[in-house]
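Notes for the one structure printed next.
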Amino acid sequence: IMPAHRSCSFDSWLRPGIRSDTVPAWCLWLLRAQVGLVYFFAGFAKCSEDWLAGEPLRQWLANRGDYPLVGPWLETESAVFFFSYGGLLFDLLIAPALLWSRSRPYAFAACCAFHIMNKILFNIGIFPLLAISATLIFFPPDWPRKVCLFFQPLAISARDRTVRSVSHGWRKLTLAFFVTYLAIQVFLPLRHFLYPGNVHWTEEGHRYAWHMKLRQKRATAEFYATDPVTGETWWVDDRPYLSSTQRDRVGRWPDMCLQFAHFLAEEQRKQGHENIEIRVECKASLNGRKPEYLIDPDVDLAKEKRSLWHADWIRPLTHPLLLREESPDPGEDRP
């Protein structure tokens, strides 16, 4: 959609006619806004009861006591609240600090330190490297060209410095696209407020909300099939259908339970059980709370449909957050 293929791209090499040293300014600001929104909503999501109380970081850091030098400190309460409140302030303030030229170098250094620390402490895949790379968009747009000047074969000749006029109609269309895109990026992370309950428990509206590494959720799910004609009920072994990773995750996400229940119902129909009913015994623990039912065990999930509306078969979270001396053995939720 954006003309990001005008320089240093295969497109510009194959089609020299499209080569240009400049792109419209809205492209740069749209990417900056996208990155800034990720940081802002990550910080906004940390303004929750559990995170401000030090959970689940307290349980995660307790598993890092064997780290050289800093291991013993990571098990202390000062480390828990340093990372909890430090991460919150970093996410909320990093975008404004990157926009200000005087603070930008220090903000970028803090960004590198923050993401490298996350990479060392937590298993979150490629995200730290991706975040550091994306943050470079806040620097002046000609910084890659200045770097390339050290490598003359790769240097780009500045031959197209003209400012092109844009018709009024195109300006209006661009503005409409810019506003619409940003509105979507702002609404999606907030849509979980349209659903009742704790988003980290129900998972409704959790995706695309930038709630990264904010919860530890353990769950077990056992599926049962009932033939209403015979009244017979039996346990369904999910191991032939799910990998170990899928089995670990399916109980934590109600929509995955629903999807798998529909799959099991279809498998049972192939075996001659036309009006099969599928129920699940799913208990979960959020951030060290006592386990409780995540899904109503009396509901036939085979008859429930997936939709964007609230699923009333998801049980509400009722158990309070445990005090740290009452917390169970630490574990960790996978990203």
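The values are calculated or read from the model by the stated rules, or taken from the named source; none is laboratory data. Keep in mind the model is a prediction, meaning the values are calculated, not measured. Backbone-built Cβ (ideal geometry, glycine too); neighbour counts: all protein chains shown. Keep in mind that these areas ignore ligands, DNA and RNA; they rest on the heavy atoms of the full protein, side chains included. Shrake-Rupley method; radii C 1.70, N 1.55, O 1.52, S 1.80 Å.
General remarks:
- Among the residues of region 85-123, the ones that are among the hydrophobic types (A, V, I, L, M, F, W, C) and surrounded by 16 or more Cβ atoms within 10 Å (Cβ to Cβ) come to 15 in all.
- Scope region 296-314; condition more than 23 Å from the chain's Cα centre (by Cα) and either assigned to a helix (DSSP H, G or I) or of a type outside the set (Val, Ile, Thr) (or both); matching residues: ASP296, PRO297, ASP298, ASP300, LEU301, ALA302, LYS303, GLU304, LYS305, ASP312, TRP313
- When restricted to residues that are open to solvent by 40 Å² or more (accessible area, probe 1.4 Å), outside any helix (DSSP H, G or I) and within 15 Å of PRO141 (Cβ to Cβ), region 6-43 contains 5.
- In region 44-53 there is at least one residue matching the filter, namely being in a helix (DSSP H, G or I), open to solvent by 60 Å² or more (accessible area, probe 1.4 Å) and of a type in the set (A, V, I, L, M, F, W, C).
- Sole exception among (1) without any contact (Cβ under 8 Å) to a residue 40 or more places away in the chain; (2) open to solvent by less than 70 Å² (accessible area, probe 1.4 Å) for TRP73, by number: (2)
- Residue in region 287-314 that is least open to solvent (accessible area, probe 1.4 Å), counting only those that are touching a His at 6+ places or on another chain (Cβ under 9 Å) and within 19 Å of GLU222 (Cβ to Cβ): LEU301
- Scanning region 55-64 for residues that are buried (at least 21 other Cβ atoms within 10 Å of the Cβ) and of a type outside the set (Asp, Glu) gives PRO56, LEU57, ARG58, GLN59, LEU61.
- Condition check for PRO141: modelled with pLDDT under 95 and of a type outside the set (D, E, K, R): yes
- Contact map, region 162-180: first residue closer than 13 Å to TRP26 by Cβ, second residue open to solvent by 90 Å² or more (accessible area, probe 1.4 Å) and at pLDDT below 85, Cβ cut-off under 9 Å, separation 6 or more or different chains; pairs are PHE177/ILE1.
- Test: residue in region 203-219 that is assigned to a helix (DSSP H, G or I), at pLDDT 95 or above and under 20 Å from the mean Cα position of the chain (by Cα): no
- Residue match in region 199-217 (condition: of a type outside the set (A, V, I, L, M) and farther than 30 Å from LYS46 by Cα): no
- Within the span defined as region 118-129, every residue fails to be of a type outside the set (A, V, I, L, M), out of contact with any Leu (no Cβ under 6 Å at 6 or more places or on another chain), within 20 Å of HIS211 (Cα to Cα) and at pLDDT 95 or above.
- Matching option when the condition is open to solvent by 50 Å² or more (accessible area, probe 1.4 Å), at pLDDT below 95 and of a type outside the set (D, E, K, R), among THR230, THR174: THR230
- Total residues in region 256-286, condition loosely packed, with under 15 Cβ neighbours inside 10 Å and part of a loop (DSSP other than H, G, I, E, B): 4
- Under the condition of being outside any helix (DSSP H, G or I), touching a strand residue (DSSP E or B) at 6+ places or on another chain (Cβ under 9 Å) and either more than 12 Å from ILE295 (Cβ to Cβ) or among the aliphatic types (A, V, I, L, M) (or both), the residues counted in region 238-255 number 1.
- Of residues in region 199-220 being out of contact with any His (no Cβ under 9 Å at 6 or more places or on another chain) and open to solvent by 20 Å² or more (accessible area, probe 1.4 Å), the one nearest to GLN268 (Cα to Cα): THR220
- Top-ranked residue of region 233-255 - restricted to ones that are open to solvent by 60 Å² or more (accessible area, probe 1.4 Å) and either within 14 Å of ILE278 (Cβ to Cβ) or in contact with an Asp or Glu (Cβ under 8 Å, 6 or more places away or on another chain) (or both), ranked as modelled with the lowest pLDDT: ARG247
- Of all residues in region 73-101, those that are within 16 Å of ILE137 (Cα to Cα) and not β-branched (Val, Ile, Thr) total 7.
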